[in-house]
Every structure is written in C-alpha cells, then in structure tokens.
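Encoded as structure tokens, the structure appears first; notes follow it.
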Amino acid sequence: MVIFEDVTKVYPGNYKAVDNINLKVGKGELVVLIGPSGCGKTTTLKMVNRLIQPSSGKIYLDGFDTDKLDPVELRRQIGYVIQDIALFPHKTVAGNIAVVPRLKKWNREDVTKRVDELLNMVNMEPELFRNRFPNELSGGQQQRIGVLRALAAEPEVMLMDEPFGALTPLPGTSSKMN
C-alpha cells in the first residue's frame, strides 16, 4: 500500500532528516515510527502526503508514484492527524469532522450520518457536541475530534503524528494502566 524506495530528505546546511529509507507497508498493517525528537518521524509522515517533498527516492501509494499524483487529491485520500490538533476554530465539531467528506462532495445526509457515527464511537453524544466549537472542548476532546476528522472520509491510509498525547480516558473507562 505504501512503499518507500531509497527516500532521503536533506535540508539546507546538508542536514539529513531522513536518510535512505526503504519500507513497505501492506494493506491492513500498522507501522509505528519510534525515535527521539528530531530523528525524522514527522518528516517521513509528511513525505507520504507530499506536505514535504523528498530530496531523492520514490514513495508509492497503491502502486502509484506520489510525485505523479495531484497533491490535493492525494491528501484527500489519506487521513492525517497532526501533533498540535489544529482544529478550525470558526467551525463547529461537526464542521471540523466533515471537512474532507464535504471536499469530496458527499451528500449532506451521508456527512451528517458519518459525523454522528464517529462522535458516538468516541462516547461524545452528537446532540451535545455536534454544534460546539473547539474552544468549548477539553484538550482531549479536541484531540478526539482531530482523529475523527482524519477518519471521516474512510481513508485507506492513516498518518498519525503523536495523535494521542492529549487524550483523556473515555467516560466509564479506567485511566489506570494494567
């Protein structure tokens, strides 16, 4: 599904953020990049959806060279959760979740159904949360909405950059580690 072939990213000053990655991620596989701050994890993720262009090498998505795909269309088919949440402050919870389905021209009924389905999935009652704005949510709730936004259009590929740092336990669950 996602293939890196000899991918390198070099920044000015000859700083190699990513050095010759070769990686194949198959359909249904989960891959976690672990390393210290500044080791290239975020850069690697951003190269998949072309927010950052590799200096050399190739990245393929479903067999297609991402360099040959329209970057906007590419990003609409990839779910992406960023570290800093970045919800649109002027949009409601429903509006934030619905961004990509609306860009993909889903009909209103399907968008509403998907928003409610996702809110229910994370124990946020749609009637209570659908019309709230991000500043009316806790940090953990905002992070959940960021994850739901990435899931909304049912992407085949999800990129998640430290997506759970601000999450609080769901109501009715224990926060204790077992």
**Message:** Can you find a residue that is open to solvent by 70 Å² or more (accessible area, probe 1.4 Å) and not polar (S, T, N, Q) anywhere in the stretch 39-50?
**Reply:** no
Output for Cβ contacts, cut-off 7 Å, separation at least six or different chains, first residue surrounded by 13 or more Cβ atoms within 10 Å (Cβ to Cβ) in the stretch 105-122, second of a type in the set (Lys, Arg) and assigned to a helix (DSSP H, G or I), reads Val111/Arg102; Val122/Arg144
Answer with yes or no whether Met124 is at pLDDT 95 or above and not in a helix (DSSP H, G or I). yes
When restricted to Asp70, Asp62, the only residue open to solvent by 60 Å² or more (accessible area, probe 1.4 Å), within 19 Å of Val2 (Cβ to Cβ) and in contact with a strand residue (DSSP E or B) (Cβ under 9 Å, 6 or more places away or on another chain) is Asp62
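The values are calculated or read from the model by the stated rules, or taken from the named source; none is laboratory data. This structure is a prediction, so every number in the text was calculated from the model and none was measured. FYI the Cβ positions are ideal-geometry reconstructions off the backbone, even for glycines, and counts take in every protein chain you see. We work out accessible area using only protein heavy atoms, side chains counted, and drop any ligands, DNA or RNA first. Shrake-Rupley method; radii C 1.70, N 1.55, O 1.52, S 1.80 Å.
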